[in-house]
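Step one of this worksheet: look at the structure below.
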There are 2 protein chains.
Amino acid sequence: MSDGHRRPLVALTLLLCTRMAVLAAPDPKVREALIQQELDMQTGGEVMLNDVEKVLDARLSKMKQEEHQRAEFLPSLHFFKARERIRASPIYSLLQKMPKGGALHVHDFSMIDPGWLVKNVTYRPHCYMCFTDNKSIRFIFSSQAPKAHTKCSPWTLMEELRDKTANVTDLDSSILGNLTIFTDKDVEQVFPNQDVVWDRFERAFDALWGLVTYAPVFKEYYYRGLTEFYLDNVMYLELRALLPEIYELDGSTHDRSWTLKTYQDITRRFTAEHPDFFGTRVIFTIHRGVNTSMMENAVEEALKLQRDFPIFMAGFDLVGREDSGQPLWYFRDALSMPAERGVALPYFFHAGETDLQGTTVDQNLLDAILMNTSRIGHGFALLRHPVAKDLSRKQGVAIEVCPISNQVMKLVSDLRNHPAAVLMSENHPLVISSDDPGMFGSSGLSDDFYEAFVGLGGLRSNLASLKELAVNSIRYSSLNQRQQEMALTVWQKKWEKFVLENAF
Amino acid sequence: MSDGHRRPLVALTLLLCTRMAVLAAPDPKVREALIQQELDMQTGGEVMLNDVEKVLDARLSKMKQEEHQRAEFLPSLHFFKARERIRASPIYSLLQKMPKGGALHVHDFSMIDPGWLVKNVTYRPHCYMCFTDNKSIRFIFSSQAPKAHTKCSPWTLMEELRDKTANVTDLDSSILGNLTIFTDKDVEQVFPNQDVVWDRFERAFDALWGLVTYAPVFKEYYYRGLTEFYLDNVMYLELRALLPEIYELDGSTHDRSWTLKTYQDITRRFTAEHPDFFGTRVIFTIHRGVNTSMMENAVEEALKLQRDFPIFMAGFDLVGREDSGQPLWYFRDALSMPAERGVALPYFFHAGETDLQGTTVDQNLLDAILMNTSRIGHGFALLRHPVAKDLSRKQGVAIEVCPISNQVMKLVSDLRNHPAAVLMSENHPLVISSDDPGMFGSSGLSDDFYEAFVGLGGLRSNLASLKELAVNSIRYSSLNQRQQEMALTVWQKKWEKFVLENAF
């Protein structure tokens, strides 16, 4: 909150504290001032809307009132149950059309609906599948019969499997069920707790691994990912990427540099074809399940990649369930290496994606800030860490809020209780993102913007809030100042067009 | 947070903000200082423990660690499912024995387990029951056949009904099911949403009304309520009381003054018999469903009662579901009457017991503070109202936190997401209370203390937190300064005994 907010609050507080006030009826003017003060403090509270924007804002406000008239308030339902109703809502259509700026927290292999992998990729030649002992599946593309996979049935060529299968539709939907955690079934039954949902989540990545790390699919997947975000009116991406070895049909593999360079090449092609798309930067990520020497190697590799791809590479992060892994502090030596050498390696740490309080992992928020993280992934526990919260605000370390992800991974059920509702009421530095839309059955950013705008923002948040959220996604990106100004200029044009086309 | 907290934070922040820091490895000393700062900021963070207390604290810390080792973390489960496991936990036994100070948010007709009403009261002579059209029940005691109740079956004498009933146990448990919302059944099925649970909650009060407003039962009920809280090591009560007409067997009725005086007499008797019980003060409450002129009458009556019972009567409040009623501001003329006459009528408003954001009812928090409320009942929405939160802190307007109530009434499911977890991390002025233990199947304050200590406080909260919560319940009571000191002296003795008896 700016000093401009603080001062009148203190003045009003003093007024309320005087003895006089105790025996006076409430003054409607003081009341109005306090109400206005809260409105000014929220995300977008200081954004001035022009006349056309005000017209659209009035439309939007009416739409939001209507969302509150529903028999069931959608952000209080599990996204899997609410999705079709959300997508049918007028507010979703509008959010879909809205230029939302950048998506700053999205993972590489969960950008798009895995239905595409099933319907398209698994129908390609040379695609083999096996069934694991723990009821999951694995894939591989190979020009010859692939080597047996431990703990998996013998490999079967998909064409042959489908030939032998009576009901191919059932087979395909069973495959799909292994590649996503989205389900039509009773979600409380299927995912009774965090352990179960995290287990299913990680299995799904294991299952799709052999598909998305096959070089031709890898390239197409990313291009489709860009397309999906672009069509959702997202103009920029910061992609958290594992940069794994990518393999070819003959079994040969490519190293991380190749993978990163391939992302860069495809991004260049995509932006050439879509000049109003601003681009992608990559945050190299490693699973937090590694040991300290593996972490040192990863940091070394990150530094090397940063030297080789100074513009395309944005920084470094750790992925995987925080509660099951080592805390950030465990890796402090490895993570301090760049600073000790006087080199800046920007960090974008996941931190506070937990509801355990007081565990060693629960220190990640403070430690992320101490290690100079540029932003915080999730920060779900931030409110319970007043010092970390204060530092995040003062240093402009934005929180990457992913409401659907937090709900699906069972940190919170009713999104009105999501901590970002509080952060939005205080205009804390934050951006809205979608984390793993492919896994969650969401798409681009619009589903998460719906939850944020309707569920977190409540009736008070408005077009100005949305505008600030979009601008935040550029202001808190890893782009340098000059690039940000360029991106904002592009965004501003899109915004004006959007407002004009939808106000009347 | 006191100024003492603020200053080092700013200093550390400056340190972290300097450019130097960006390229330095994290300093473990700064880290320790920041961690300590968060510990100091929490409820109890400034309380110094003596050596014996430290021993007990270590025991408590171990117990809490064990609570976190359970397969299911109890505060994240619905209380109805978790109750028996909570009660069997060593931490519960300790909390039960702990002198908890006062219970500042408890309603008159939900102090105790309604099982007593079924097993005892409905077996008394002259007890009639009827079945309402909407599947509930009504009771009346009467020396002669009572007048027919509209929308209810003919009255049946309980003795006769039981004589005619094959399975009296089933009948009794069916009656009990009407007097409480506690259930062993699948709670998500029985109470799918807030509307259903509020409906059942209000029906249960309607059902037990004829029992508890019968003069002899009324007196016994309150005496038993005091006993139950006393045995739970609660030494003081602020009772929100509707003060309804109380009836006798011949149909004659008593007015509010009689009801209040009866409470006072019984309290005197109880404290005479239990000299270490400090007493009760009554907050006269009226249902928010009334119209403005009824509210004016209620305020007039409150002023009269305050004149007649200056020591026993604590103040005034509105009850009933906030979301279904008029906002406080609707009643501003009536509620301003005392101030306009230069008379102080202390208010203890329920406010912010909602998860709707931006509705007129959602203004209640700010309005309660504007109308000089002494405390805030629930304040569940406080975090989303930064100005109200700031005023509440600065003016010492304590929040009456009732975790089980908020969970049962479906404002939040996992109590780790309860906003008071944040308030406790900032040592916001607050007290823990139980609201309607009889309705929720809880007892005294211990169940709510368990949820607060284990669920809201997380691993960081400790014996100092519990001590501060107990002291808060006296400091934020309506007792005057001198009475508070007296109560604290009594409490301190109990506390020392408790610590000594449980440390080793």
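The values are calculated or read from the model by the stated rules, or taken from the named source; none is laboratory data. Quantities reported herein were computed from a predicted structural model and do not represent experimental measurements. Here the Cβ positions follow ideal geometry from the backbone for every residue, glycine too, while neighbour counts run over all protein chains shown. Ligands, DNA and RNA are stripped out before the accessible areas are found, and what is left, the full protein with its side chains, is counted by its heavy atoms. Shrake-Rupley method; radii C 1.70, N 1.55, O 1.52, S 1.80 Å.
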(request) Please determine, by comparing only the residues of region A:453-485 that are hydrophobic (A, V, I, L, M, F, W, C) and over 14 Å from A:Leu60 (Cα atoms), which one is nearest to the other protein chains (Cβ to nearest Cβ). (result) A:Leu456
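Do we find that A:Leu117 is crowded, with 17+ Cβ neighbours inside 10 Å and without any contact (Cβ under 8 Å) to a residue 24 or more places away in the chain in this structure?
Values: crowded, with 17+ Cβ neighbours inside 10 Å: yes; without any contact (Cβ under 8 Å) to a residue 24 or more places away in the chain: no.
Taking the combined requirement at face value, the residue does not satisfy it.
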(request) Would you check which residues across region B:71-103 are assigned to a helix (DSSP H, G or I) and open to solvent by 30 Å² or more (accessible area, probe 1.4 Å) and list them? (result) B:Ser76, B:Lys81, B:Arg83, B:Glu84, B:Arg85, B:Arg87, B:Pro90, B:Ser93, B:Gln96, B:Lys97
(message) Suppose we keep only residues that are in a loop (DSSP other than H, G, I, E, B) and closer than 27 Å to A:Asp199 by Cβ within region A:132-146. Which one would you say is nearest to the chain's Cα centre (by Cα)?
(response) A:Ser136
(message) Test of understanding: among B:Asn233, B:Asn193, which residue is farther than 25 Å from B:Met313 by Cβ, within 18 Å of the chain's Cα centre (by Cα) and open to solvent by 10 Å² or more (accessible area, probe 1.4 Å)?
(response) B:Asn233
(request) Please go through region B:462-479 and pick out each residue that is open to solvent by 10 Å² or more (accessible area, probe 1.4 Å) and of a type in the set (Val, Ile, Thr). (result) B:Val471
(message) Testing A:Val106 on (1) more than 11 Å from chain B (Cβ to nearest Cβ); (2) farther than 24 Å from A:Arg460 by Cα; (3) open to solvent by 30 Å² or more (accessible area, probe 1.4 Å), one condition comes back false. Which one is that?
(response) (3)
(request) Run B:Leu74 past the list (1) closer than 30 Å to B:Met235 by Cβ; (2) more than 14 Å from every other protein chain (Cβ to nearest Cβ) and report the number of the one that doesn't hold. (result) (2)
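Matching residues to (1) at pLDDT 95 or above; (2) part of a helix (DSSP H, G or I):
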{"residue": "A:Leu161", "(1), (2)": "yes, yes"}
{"residue": "A:Gln189", "(1), (2)": "no, yes"}
{"residue": "A:Arg200", "(1), (2)": "yes, yes"}
{"residue": "A:Gly210", "(1), (2)": "yes, yes"}
{"residue": "A:Leu243", "(1), (2)": "yes, no"}
{"residue": "A:Asp265", "(1), (2)": "yes, yes"}
(message) Looking at region B:411-432, I want the residues that are more than 10 Å from every other protein chain (Cβ to nearest Cβ) and have a partner that is open to solvent by 10 Å² or more (accessible area, probe 1.4 Å) and part of a loop (DSSP other than H, G, I, E, B) with Cβ atoms under 7 Å, at least 6 apart or on another chain. Which pairs are those?
(response) B:Pro429/B:Gly396; B:Pro429/B:Tyr476; B:Val431/B:Tyr476
(message) Quick check on region B:359-395: of everything there that is at positive phi and more than 10 Å from chain A (Cβ to nearest Cβ), which residue is surrounded by the most Cβ atoms within 10 Å (Cβ to Cβ)?
(response) B:Gly379
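So which residues in region A:119-163 are in contact with an Asp or Glu (Cβ under 6 Å, 6 or more places away or on another chain) and of a type in the set (Asp, Glu), if there are any at all?
Listed by number, the list is empty, since nothing qualifies.
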(message) Restricting to region B:312-345, give me the number of residues that are assigned to a loop (DSSP other than H, G, I, E, B) and open to solvent by less than 40 Å² (accessible area, probe 1.4 Å).
(response) 6
(request) Can you work out which of the residues in region A:163-187 that are part of a helix (DSSP H, G or I) and among the small types (Gly, Ala, Ser) is nearest to A:Val408 (Cα to Cα)? (result) A:Gly177
(request) Tell me, yes or no, whether region B:447-459 has at least one residue that is among the hydrophobic types (A, V, I, L, M, F, W, C), within 30 Å of B:Phe205 (Cβ to Cβ) and in a loop (DSSP other than H, G, I, E, B). (result) no
(message) Quick check on B:Glu228: is it open to solvent by less than 40 Å² (accessible area, probe 1.4 Å), of a type in the set (Asp, Glu) and either over 20 Å from B:Ile140 (Cα atoms) or modelled with pLDDT under 95 (or both)?
(response) no
(request) Give region B:418-454 a look and list any residue that's on the phi < 0 side of the Ramachandran plot and either among the charged types (D, E, K, R) or out of contact with any helix residue (DSSP H, G or I) (no Cβ under 8 Å at 6 or more places or on another chain) (or both), or say none. (result) B:Glu426, B:Asp436, B:Asp447, B:Asp448, B:Glu451
(request) Among the numbered conditions (1) more than 8 Å from chain A (Cβ to nearest Cβ); (2) under 23 Å from the mean Cα position of the chain (by Cα); (3) at pLDDT 95 or above, tell me where B:Met337 comes up short. (result) (2)
(request) Could you list all residues from region A:22-53 that are surrounded by fewer than 16 Cβ atoms within 10 Å (Cβ to Cβ), more than 10 Å from chain B (Cβ to nearest Cβ) and assigned to a helix (DSSP H, G or I)? (result) A:Lys29, A:Glu32, A:Asp51, A:Val52
(message) I'd like the residue in region B:433-446 that is in contact with a Phe, Trp or Tyr (Cβ under 7 Å, 6 or more places away or on another chain) and in a helix (DSSP H, G or I) and, out of all such residues, is nearest to the other protein chains (Cβ to nearest Cβ).
(response) B:Phe440
